[in-house]
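This report concerns only the one structure given below.
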Amino acid sequence: MPLSENWTYKSHHSPYKPNMTDKLAPIAAAFQEALSQATHTKELEAVKVRFLGKKGEIQALLVGLKDLSGEEKAQVGKGINELKQSLTQEIANAEARLVAQEEQAALASSWIDVTLNPQGQEAGSLHPITLVHQRLEEIFEAMGFLILDGPHVETDYYNFEALNFDPHHPARDMHDTFFTQGGRLLRTQTSPIQIRGMERLKPPIRMVGTGKVFRCERLDASHEACFHQIEGMMIDKGINVGHLIHTMKVMLSEMFEKEVEVRLRPGYFPFVEPGYELEIACLLCGGKGCAACKKLGWVELLGCGMVHPNVLKAGGIDPTVYSGFAFGMGTDRLAMQRYQINDIRHLHNGDLSFNRRFSTASQYQVY
Ligand code: PHE
């Protein structure tokens, strides 16, 4: 309701103190004027301070009351209070209106359609490492393996101790890692997933897990401080090296869609005994030698071996009853071989046109 209809302090209503009540009408008029000009909540706030603030016009009137006699005080005071209430109500109404207006304006000017491509570009695509992980998981799922996951920030126990690395064993030197202040570390390998898996599952166990791992590496064409691995494990009664070799062959020939040349060398990992390193003839240079294979012609693809009895015990499995194999493979180099990428640093530089080369249209994802 406009103030003019509401307020009652025109001078003729106040015979006792015309001077005092005369002040109300101009204030009311000035308020209406200021209110009509406030088109934003910030301006409205200024109007509120001017009229209703601690040093505002209404307060000044209330202070002036002290000079009046009792009867006048009551009458004029009542008038001031009614004016105050009226102004307060009008401010509140205006505020509600302006806030709603501003919200509408903000919605109209800053809405985004989250289903649209950023900056009108093409949709994103799956990274070559993701494609390799998805393919590997498919291959293993088809062989009855469970797909597990594990945390990037690990404890010393899961990353080393339960995997049969003694506290001061030199094998730890190969896993120069990043420690957090609480004594945790960024996992250096996906092998902690073996322990976490054994803790939760009972043999027979077939499991794989893929993910990021971290080591303090010097960067070059084939080394990054953050890279990726797939880990796998099979545990049952009577598992032997034959099961390991067969499973690796199936995985690699499915992955590369052809028979690849492989060789096994003895390799040391504290959590397997015996342990091997499996290498394939470099698919980039056909075995002649290039930057990706360090001119060797062979690319070390994975570590593997028979699970060490101490590791089975750490996983709550009786090594006198069960045996198993385990393997771990860097998937960055696998992706490089698979997609003929000659420098690992391409994989992390966030270049979308690079990533898109490896996705087919059907693999495009809209986020
Ligand atoms: N975790 C080993 C590494 O990162 C690889 C590995 C896994 C070797 C399982 C043997 C068995 O080097």
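The values are calculated or read from the model by the stated rules, or taken from the named source; none is laboratory data. The structure presented is a predicted model; accordingly, all values stated were derived computationally and were not measured. Cβ placement follows ideal geometry from the backbone for every residue including glycine, while neighbour counts extend to all protein chains displayed. SASA here: full protein model, heavy atoms, side chains in, ligands and nucleic acids out. Shrake-Rupley method; radii C 1.70, N 1.55, O 1.52, S 1.80 Å.
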**Complete:** Connecting every pair of Cα atoms under 10 Å apart in the chain and solving the GNM, the largest mean-square fluctuation among L312, L52, L264 falls on L52
**Message:** Under the 0.36 nm per residue contour assumption, what length would be gained going from the current alpha-carbon distance of A29 and W111 to full extension?
**Reply:** 25.5 nm
**Asked** Computed over the Cα atoms of region 189-285, what is the convex hull's projected area averaged over all directions, in nm²?
**Response** 7.7
**Prompt:** Excluding F165 itself, what net charge comes from residues whose Cβ is under 11 Å from its Cβ, given Lys and Arg +1 and Asp and Glu -1?
**Reply:** -3
**Asked** Within region 20-44, what residues put their amide N at less than 16 Å from the label point 7 Å along the Cα-to-Cβ vector of L62?
**Response** none
**Request:** Enter the per residue convex hull volume of region 126-173, computed from alpha-carbon coordinates, in Å³ rounded to the nearest integer.
**Result:** 132
**Request:** Hey, can you grab everything whose amide H is under 5 Å from the amide H of G315? Only 5+ residues off in sequence or another chain; H modelled, so Pro and N-termini drop out.
**Result:** none
**Request:** Treating cross-link reach as a plain straight distance, find the aspartates and glutamates whose alpha-carbon is under 16 Å from the alpha-carbon of K258, omitting any fewer than eight places away in the same chain.
**Result:** E279
**Pairs beyond 22 Å (Cα-Cα), from K202/K313; K212/K249; K23/K54** = K212/K249
**Asked** At a 1.4 Å probe radius, carbon and sulfur cover how many percent of the accessible area of the chain?
**Response** 53
**Message:** Less than 19 Å apart at the alpha-carbon level, and either on another chain or at least 8 residues along: which aspartates and glutamates does that give for K48?
**Reply:** E33, E57, E82, E90, E95, E102
**Fill in**
Expressed per residue, the solvent accessible area of the chain in Å² (1.4 Å probe) is about 54
**Asked** Given R₀ = 35 Å, FRET efficiency for D351-V241 by Cβ-Cβ distance, to 0.05?
**Response** 0.25
**Request:** Pop the C-beta distance of E103 and R200 into the FRET formula with R0 = 51 Å and round what comes out to the nearest 0.05.
**Result:** 0.55
**Prompt:** Excluding ligands and nucleic acids, what accessible area in Å² is computed for F145 using a 1.4 Å probe, to the nearest 10?
**Reply:** 10
**Message:** What are the ³J(HN,Hα) couplings of region 290-301, residue after residue, when phi is run through the Karplus curve with 6.51, -1.76, 1.60 and θ = phi - 60°? Round to Hz, x for glycine and proline.
**Reply:** 8, 4, 5, 9, 6, 6, 8, x, 10, 10, 6, 9
**Asked** So what does R338 come to for accessible area, using a 1.4 Å probe and Å² rounded to 10?
**Response** 70
**Message:** Taking θ = phi - 60°, what integer Hz values does the Karplus form 6.51 cos²θ - 1.76 cosθ + 1.60 yield along region 164-169, in sequence order, with x for Gly and Pro?
**Reply:** 6, 8, 5, x, 10, 5
**Asked** When the Karplus curve 6.51 cos²θ - 1.76 cosθ + 1.60 is applied with θ = phi - 60°, which whole-Hz ³J(HN,Hα) does each residue of region 194-199 get, with x for Gly and Pro?
**Response** 4, 5, 4, x, 4, 4
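Take the eigenvalues of the Cα gyration tensor for region 238-296, scale each by 5, and report the square roots as semi-axes in whole Å, largest first.
In descending order, the three semi-axes are 24, 16, 7 Å.
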**Asked** Given H placed 1.01 Å from N in the peptide plane, which residues other than close sequence neighbours of F325 have an amide H under 5 Å from its amide H?
**Response** M234, V307
**Asked** If pairing requires two Cys Cβ atoms under 4.7 Å apart, which cysteines of the chain are left without a partner?
**Response** C216, C226, C304
**Request:** Give me the Kirkwood hydrodynamic radius of the chain, using the inverse of the mean 1/r over all pairs of distinct Cα atoms, in Å to one decimal.
**Result:** 26.8
